[in-house]
There are 4 protein chains.
Amino acid sequence: MSSSDIYAAQGFGGSLGLGQRWALLLVDFTVGFVDPALFGGVDIDAAAYHARTLLAFARDAGLPVAHTRVGYADDGSDASLFAARNQRSHLLTDSSPGSRFVPALVPVAGELVIRKTVPSAFFGTGLAPWLALRDVNTLLVGGCTTSGCVRASVVDAISHNLRPVVVTDCVGDRAQAPHQANLFDMRQMYADLMSCGEVVSAFAVMRAGARDA
Amino acid sequence: MSSSDIYAAQGFGGSLGLGQRWALLLVDFTVGFVDPALFGGVDIDAAAYHARTLLAFARDAGLPVAHTRVGYADDGSDASLFAARNQRSHLLTDSSPGSRFVPALVPVAGELVIRKTVPSAFFGTGLAPWLALRDVNTLLVGGCTTSGCVRASVVDAISHNLRPVVVTDCVGDRAQAPHQANLFDMRQMYADLMSCGEVVSAFAVMRAGARDA
Amino acid sequence: MSSSDIYAAQGFGGSLGLGQRWALLLVDFTVGFVDPALFGGVDIDAAAYHARTLLAFARDAGLPVAHTRVGYADDGSDASLFAARNQRSHLLTDSSPGSRFVPALVPVAGELVIRKTVPSAFFGTGLAPWLALRDVNTLLVGGCTTSGCVRASVVDAISHNLRPVVVTDCVGDRAQAPHQANLFDMRQMYADLMSCGEVVSAFAVMRAGARDA
Amino acid sequence: MSSSDIYAAQGFGGSLGLGQRWALLLVDFTVGFVDPALFGGVDIDAAAYHARTLLAFARDAGLPVAHTRVGYADDGSDASLFAARNQRSHLLTDSSPGSRFVPALVPVAGELVIRKTVPSAFFGTGLAPWLALRDVNTLLVGGCTTSGCVRASVVDAISHNLRPVVVTDCVGDRAQAPHQANLFDMRQMYADLMSCGEVVSAFAVMRAGARDA
């Protein structure tokens, strides 16, 4: 029996469908995670490329947009075990080029910017209350890495009772195997998976439905 | 280049070593997750078997011990999206046999019991303050599933600045591929991996060192 | 210049008005906090009496209802500093009569019951995600004590971006001065204050408006 | 019976004593909260004056030091209900003079700086894990206002199982009555109260004891 068969037999892998109030979370699309010489890899470049379309869609649709970036204090004052476990985390201090957003995905006024030092965009941040104030119940997630901060944020999103949607062509990882394994886990237990095109179409359908109602 | 090579080149996969003050967290060793007819699978039985040794060690050593179980209110009052995503989550209501601890791993007086409704043992629970009160800085983790609640708890553990140790022969999953993939992720980014025997030996060495100092 | 004048001059004491989606939180209406021989006092009895009307209203109106009770593990396994600071906290263990809900305010099926060990109903509990799933943006709060767990819960409510409404005749304290002082603080900084009658009227107006719209 | 008598009869008002590992938290000693023309008042100036001694002591003693400041995004992107409840919260945007630390209490390299948008220094921030990493179990708290962000931070501190010590001459408020009422509440339920001089003496005694042991 394949893994998928086991999960299906145990009731996993279904979908709750989407809610009516969406927001977009872009996780760590910074120079440090897009550049393969730093912490990037196989398909993060492509994910960042496609995320431009996703971000443009969200802005056009008037969705709340939040961006995270990893940034550690230059003076080491917020040193953490998670940072310490990587021998090159000094490349992500606040003043390092690696902690800057990639130019094509820089936040604009009114979008939430979360500086974070741990994997999840929710842990020790104001993201959940920010989404609550905006009545969001469905969270589109793009970013990197799939197996790291995207996964951690998706687990927290559903724990906060938000419906996470992993936008498959807008998330990437430094290696293919972890990318695929984590898409599998998220699909089975936590999130819907949709391409950017499917997201855009679903939104148009929802809006048309709202107009007809 | 293999995934491991990529991670190594980027500074991942190191170890911080262990701290001096340990606790044990056993995640969801309940009937529902050990029984393959419910939510169990390939090696969870074996993990529960080995966890008896780990638990006995922790009790002998006087470590704080916490146990989690998934339990949903019988009247549906705490229904959540995470539960709703599984079509058989009704098998884990508080009065269901599936939500009971397996007999060999039942908590004893003085051990913390956390009823939870989401993946992480930390999310929406008192676990982090409980560990803080006991000066814990190193968290041994056994339980199931590796790719689900163990992984989520380990990510939160390091985010709380605890050193997580995944006890490899005491964690299990319903399928082999997710088990292995998540051990890889945790090893690279979040946790040390040690067998139960290695944990016991390391503790003896630490205690001997403390006596000699 | 009176305290109120100072606060007014500095921009405090305004109201945001109510949102459209309400829930009710009853904090610690248990035997232990209503009985003056345990942890009760001057007006908690009266608050519990009026809370029967508030609870009946919420049930009729179909609002989500959550109840908290303080309960400590009988075996001391979840001992905390907050409990240890009171020399009689053993009167609130799970099997003590003091930790039971007062008969007139016992939860019914479908209402969330939160066992808690710290002041705030939100801290280390699933309350915020539970309210998020129900799209709540306005939280009516009754219970006791005004200066203790009600205040702590109200501060967390607005921090979660919920609009707290302290229902003044449904909150009580063991002494008059802390009751009044904390109503003042909450009014200035965190919450609207309304009587139960005002809450019921405001709801009727809102519903009528919704029908006309 | 006075309020204090009632609290004493019910087991409140005791002290747990201090732990062995201290840190200092200075809450919102910014221009906006010290200046009476903004959000300051009666004794905040004096509190800030005495806090210089407290801060110098903590630095000499090598204690971990954390500072918070209220700062709202200039573009309104992190607007919250708590900020919206005050009609002059625009005076605390990140680029406003009001959000800057007072010159005598500016953080130095290695001290944690927390920008916050809600009352508690812990809510939605990394403070608890930061203290955990430093093995802190006792938190000295100075700052302002006593009835606002100090109180909220103290409630969260004990909920995290840290022993809070409110340094009485280093906390202040915009009016006398809330200051006194909240010192009373904290003393009864959550914290020890000590003057800066008492803190310094207690530390010397503790260090001497450690040398003799």
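For peptide A:26-39, what's the mean number of Cβ atoms from other chains within 10 Å of each residue's Cβ?
Values: counts 0, 0, 0, 0, 0, 0, 0, 0, 0, 0, 3, 2, 2, 5.
Mean partner shielding for this stretch: 1.
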Is the shape of the protein assembly as shown best called rounded, prolate or oblate, per the rule: a/c under 1.5 gives rounded, else a/b larger than b/c gives prolate, else oblate, with a ≥ b ≥ c the square roots of the Cα gyration tensor eigenvalues? rounded
Which peptide among B:142-153, A:126-137 comes first, and what is the full order, when sorted by highest mean count of other Cβ atoms within 10 Å? B:142-153, A:126-137
Label-point separation (nm) for A:Leu16 and A:Arg59, each offset 7 Å from Cα along Cα-to-Cβ? 3.0 nm
Once amide H atoms are placed 1.01 Å from N in the peptide plane, what residues at a sequence separation of 5 or more from D:Thr30, or on another chain, have their amide H within under 5 Å of its amide H? D:Val102
Averaged over residues of D:10-17, the number of beta carbons from other chains lying within 10 Å of each residue's Cβ is 5
Honestly the range C:154-213 on the Cα gyration tensor test (a ≥ b ≥ c root eigenvalues; a/c under 1.5 rounded, otherwise a/b vs b/c for prolate or oblate) is just oblate
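For the protein assembly as shown, give the share of DSSP beta bridges that are antiparallel, in percent and rounded to the nearest 5; count only bridges with both residues there. Intermediate results must be reported in sequence, preceding the final value.
On the way: 4 of 104 bridges.
Just about 5 percent of them are antiparallel.
Compute the Cα gyration tensor for the range A:23-148, then decide on rounded, prolate or oblate, letting a ≥ b ≥ c be the square roots of its eigenvalues: rounded whenever a/c is under 1.5, prolate when a/b is larger than b/c in the other cases, and oblate in all that remain. Write down the numbers at each step before the final one.
Details: a/c = 1.98, a/b = 1.35, b/c = 1.47.
The shape class here is oblate.
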Can you list the copy-to-copy distances for A:Val108, using a point 7 angstrom from Cα toward Cβ, in nanometres, shortest first? 4.5, 5.1, 6.4
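If you take each beta carbon of peptide D:110-120 and count the beta carbons of other chains within 10 angstrom, what is the mean? Please report the intermediate quantities before stating the final value.
Numbers: counts 5, 3, 5, 4, 1, 1, 2, 4, 8, 6, 6.
Mean inter-chain Cβ contacts per residue within 10 Å come to 4.
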Suppose only helical runs count, i.e. DSSP H with n ≥ 4. What mean residue ellipticity at 222 nm does that imply for chain C under -39500 (n - 2.57) per run, divided by all residues and rounded to the nearest 500 deg cm²/dmol? -11000 deg cm²/dmol
Per the axis that maps chain D onto chain B, nearest residue of D (Cβ criterion) and its distance in Å: D:Ala132, 3
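Roughly how many debye, to the nearest 20, is the charge dipole of the range C:137-213 about its Cα centre, given +1 on each Lys and Arg Cβ, -1 on each Asp and Glu Cβ, and no other charges? Mind dumping the intermediate values first?
Working: 6 positive and 7 negative charges, 19 e Å.
Rounded to the nearest 20 debye, it is 100 debye.
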Virtual spin-label span in nm between B:Val42 and A:Ser95, 7 Å along Cα→Cβ: 4.9 nm
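Bear in mind these aren't lab numbers, they're just calculated from the coordinates by the rules spelled out. Note that the coordinates shown come from a computational prediction; the quantities given were computed from them, not determined experimentally. Virtual Cβ from ideal backbone geometry, glycine too; neighbours counted across all protein chains shown.
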